[in-house]
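Just so it is clear, none of the values below were taken in a lab; they were calculated from the coordinates. Only a predicted model underlies this, so the values are computations on that prediction, with no experimental measurement involved. Note that we place each Cβ from the backbone using ideal geometry, even for glycine, and neighbour counts take in every protein chain shown.
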Amino acid sequence: MKKMNAAVLTEYRKVEWKSVDIPSVSGNEVLIRIGYACICGSDQHVFLGEFHPRTTLPLIQGHEFAGTIVETGPEVKRYKRGDRVAVDPIIWCGHCPACKRHHYPACTTLKLVGIDLDGGFSEYMKVPETMLYRVTDNIPDEHAAMVEVLSIGFHACKRAGVKSGDSVVIWGAGKVGQSILQALKTKTQNTVIMVDILDERLAIAKKTYPDVNIINAASTNAVDNIKELTSGEGVDIAFEAVGHATDLPGVLNPVRGCIQAIRGGGTVCVLGLSSEPSPVVMKELIWKEGMIMTSRVSHGEFAETIENLNRGTLKPDALVTDILHPSKTQQAFEMLEEEPRKHLKILLKFKE
Ligand SMILES: [Zn+2]
Ligand SMILES: [Zn+2]
């Protein structure tokens, strides 16, 4: 058995860079040499043990990655050695009530590579060709690895029904919020507002898109500010991408902030994966006949994301604060936990 190195989560909070077998391919599987992989917010939850019992150890994490095909199984039809590909990490069952209605992100037993089974924090990985998207030559490897996280933004925009001319607030300027912002800027020319409590994260949004309005919810009343920026009306759509109810005194929790920020008949789309309740006053939503809905992963937006990367309409580098060797995966998780002001998206560089 040939060997490779992989970042293996051997205990919660402990990643080891160690030698493991290179998987052998069969059927419709291909073997990919990973170029880059990214660390996602869910990876941080997995690292801490918060997705247990969904995750079992030892586990090779990683669901955001791309690479080059080095070997193909006998039944592979659409790809050949040397093709550059991004991997859609979602595995749905195909027969639950959601899948029967083609609502795959809501599959009852939805699985992700890198969470429910081994993922891409390794030099090589095997995947069935049905999970692959071809990456065009003018998209660099580090951007190819970011197709998954950027597709989350396009899916959220589709779920919320963003139309050109919509005014939008994104509450939360982390990895998910910034991905929504990038997708959004390909869709609307109207007012876009970003809310967070970390100036450093708001600064990333402002530097990437100077016309974006930024609000620090810790130092100012975010809802009043949003009303001012929209002629007193409120926004058409509010995305919640925070994932926890902040306990700052006098600051609204993000979901309730979003409800108060929309116009009559507006939409709130929640993405933040909070394990805690986010208290809301339903009357505030009902009086607006507002809609509250959610967005989870992506479904088919890989194609739209790759198209936009190809056209140069996205700015993926804006999210990247660090590029590390994968033997430093343990440190990467610690950096994200200890210094959220300094680090946003960390890329692991596998290729030499
Ligand atoms: Zn992710
Ligand atoms: Zn299903």
To make sure I understand the rule: partners must be lysines, Cα under 28 Å from the Cα of Lys328, and not fewer than 8 residues away in the same chain. Which ones qualify? Lys2, Lys3, Lys14, Lys18, Lys111, Lys126, Lys175, Lys315, Lys342, Lys345, Lys349, Lys351
Compare the peptides 142-150, 52-60, 217-225, 3-11 by average per-residue count of other Cβ atoms within 10 angstrom and give them in order, highest first. 142-150, 3-11, 217-225, 52-60
Which order do the peptides 126-133, 301-308, 101-108 take when ranked by the mean count of other beta-carbon atoms within 10 Å per residue, highest first? 301-308, 126-133, 101-108
Checking Gly172, Gly82, Gly250 against a Gaussian network model of the chain (alpha-carbon springs below 10 Å), the top fluctuating residue turns out to be Gly250
Hey, what's the Kirkwood Rh for the stretch 226-352 if you take every pair of different alpha carbons, in angstrom? 17.6 Å
Rg to Rh quotient for the stretch 1-83, alpha carbon positions, Kirkwood Rh: 1.02
Extending each Cα 7 Å along its Cβ direction at Asn5 and Asp199, get the distance between those two points in nm, one decimal. 3.9 nm
Taking N as the number of residues in the stretch 66-167, what is its alpha-carbon radius of gyration divided by 2.2 N^0.38 Å? 1.23
Here the Cα Rg-to-2.2 N^0.38 Å ratio for the chain is 0.99
Distance from the stretch 93-138 to the stretch 170-214 (C-alpha centre basis), Å: 28 Å
With a/c under 1.5 counting as rounded, go ahead and sort the stretch 153-294 into rounded, prolate or oblate using the C-alpha gyration tensor (a ≥ b ≥ c being the square roots of the eigenvalues; past the cut-off, prolate if a/b is larger than b/c, else oblate). rounded
For the chain, what is the calculated [θ] at 222 nm in deg cm²/dmol (nearest 500), taking -39500 (n - 2.57) for each run of four or more DSSP H residues and dividing by its residue count? -7000 deg cm²/dmol
Multiply the residue gap between Arg341 and Asn221 by 0.36 nm, knock off their C-alpha separation, and tell me the result in nm, one decimal place. 41.1 nm
Using the per-residue mean of other Cβ atoms lying within 10 Å as a proxy for protection, in what order, highest first, do the peptides 275-287, 174-186, 197-209 fall? 174-186, 197-209, 275-287
